[in-house]
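Since every read-out is calculated from the coordinates, none of them should be taken as a lab result. Model, not experiment: these values are computed from the prediction. Neighbour counts are summed over all protein chains in view; Cβ atoms, including those assigned to glycine, are modelled from backbone coordinates with ideal geometry.
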Amino acid sequence: MPALETDQPDFTAVPERAKWRYKPRRAFWRSKLLRAVTLIALLALCALAILALVREETGTAGFLVGLGLAVLPVPLLMAAFRWLDRVEPAPWKNLLFALAWGAFASTLVAILANSFAVEWISSVTADQGSADTLGATAVAPVVEETAKGAAVLLLFLFRRRDFTGPVDGLVYAGFTATGFAFTENILYLGNAFGEDQEIGATGIGSMTVGTFLVRIIMSPFAHPLFTSLTGLGFGFAALLPATARLRRTRLVLLPLAGLLLAMGMHALWNGSASFHPLAFLAVYGMFMVPVFALLTWLAIWSRQKELRTISGELPAYASAGWLARDEPLALSSMRARALARGFAARTYGKPGAQAVGEYETFATTLAFLRHRAGLGQAAPDFAAREQELLHHLWQRRQVASPALTYAARATGRVWAPPQYLDYGGYNPYRS
């Protein structure tokens, strides 16, 4: 036993962890494995239910045709959102959850809720046509955007460490909406094919071709555009410092404002398609395309802001000797990062390129960890996480540091001393 309360007892007789007889155990319902299995089973049941409903609606032939055509834009959209998230990539398990939620859970909720609402409106008004129009313009946007936004909310609540700003919100919302649009396109394209089969329509004038042009060629970004507004609301909420005034209120209002904007844009889009083809084209050209361009600019600006965060936070570690002087500037350039990996691959082979890639990832995480601490969002284990990241960097610096220094010089992103300092009589910047 220790002589003083501040001393540590001697536990030299305790066996190693693998031989412990008494191990700390979590309650069964708190097991990560149980939660993962439950979530996967829930999404699988939703998948079976929604695919069965779509197949019943479209028929087997229509389902297969719709599936083959609807899958075409999915890889392109996923690649676009993944490219946007290159600075600090989100874990694939989060992205796959968002995609599966959008494709199965949210579409199941939307189909059931929309069908119930349209039937109820039709029974009250005794007018099926107006019920369909009202359902498309008033009910569907609310139901669908709420169902898709639920995935972003779950990631915001339970994967908070991976949800750091607007880019993460855009990416998670984009993957969710891509999955939703995929399943919805199967339904629309399958129904169009079935109608063409009934009337014997073929060629350019068929319903299938028209639906394909509108949903796959002209507007594959429609659902991601709507839900991105919800994602931006959560993303800006993630930036709020812990000491912000009215933080709890703003944490609710920002996502809610994004959700309401998503519903409004979705309602405008559906309403234009319901009323007149010219109204659809006008909304598409005068509203949807400019808003899409604005959000694209905002997404790129947000990514550049992330790179500026790296160049602003990492010099502190360079001053302390953990990084070389030019590394923060190289790590804040996507081109320099790629050059560093290429240099390592040529010099050290594939393991070298992998080590540099891991070094870049750890350094980026370290920069954002320090940035969040500066905003008052430091986790209780900040010091431990910082030390762990520095440990990983130190293990790889022998390979990564020369590669990043080379990349910094090759791209002109090198540290230069200020011109106004006195260099002991000789100043190369003085004419």
- Note on the structure: Among (1) 27.0, 94; (2) 58.7, 194; (3) 21.5, 73, the value of Rg and Dmax of the Cα atoms in Å computed for this structure carries the label (1)
- Between L157 and T249, how many nm apart are label points set 7 Å from Cα along the C-beta direction? 2.3
- Query: Between L260 and I217, what FRET efficiency follows from the Cβ-Cβ distance if R0 is 35 Å, with the result rounded to 0.05?
  - Reply: 0.75
- Note on the structure: tail above 16 Å in the computed P(r) of region 313-369, as % of all Cα-Cα pairs, reads 41
- Message: Between W301 and V209, what is 0.36 nm times their sequence separation minus the Cα-Cα distance? Round to one decimal in nm.
- Response: 29.5 nm
- So the angle from the long Cα axis of helix 247-275 to the longest Cα principal axis of the chain, reported in degrees to the nearest 10, equals 30
- Note on the structure: Length gained, T125-H276, 0.36 nm per residue minus C-alpha separation, equals 52.1 nm
- Message: Placing unit charges on C-beta atoms (Lys and Arg positive, Asp and Glu negative, everything else neutral), compute the dipole magnitude of region 32-306 about its Cα centre in debye, rounded to 20.
- Response: 1600
- Task: Could you state the angle between the C-alpha long axis of helix 222-238 and the longest principal axis of the C-alpha atoms of the chain, as a value from 0 to 90 degrees rounded to the nearest 10?
- Result: 40
- Starting from the Cα-Cα distance between K93 and Q398, subtract it from 0.36 nm times their residue separation and give me the gain in nm to one decimal. 106.7 nm
- Note on the structure: In whole angstrom, the spacing between the Cα centers of region 168-211 and region 77-133 equals 13
- Ranked on Cβ counts within 10 Å of their own Cβ, fewest leading, H276, H371, H223, H266 go H276, H371, H266, H223
- Item | Coil-residue trypsin sites (Lys or Arg not before Pro) of region 282-362, DSSP, other Cβ within 10 Å capped at 14 | R325
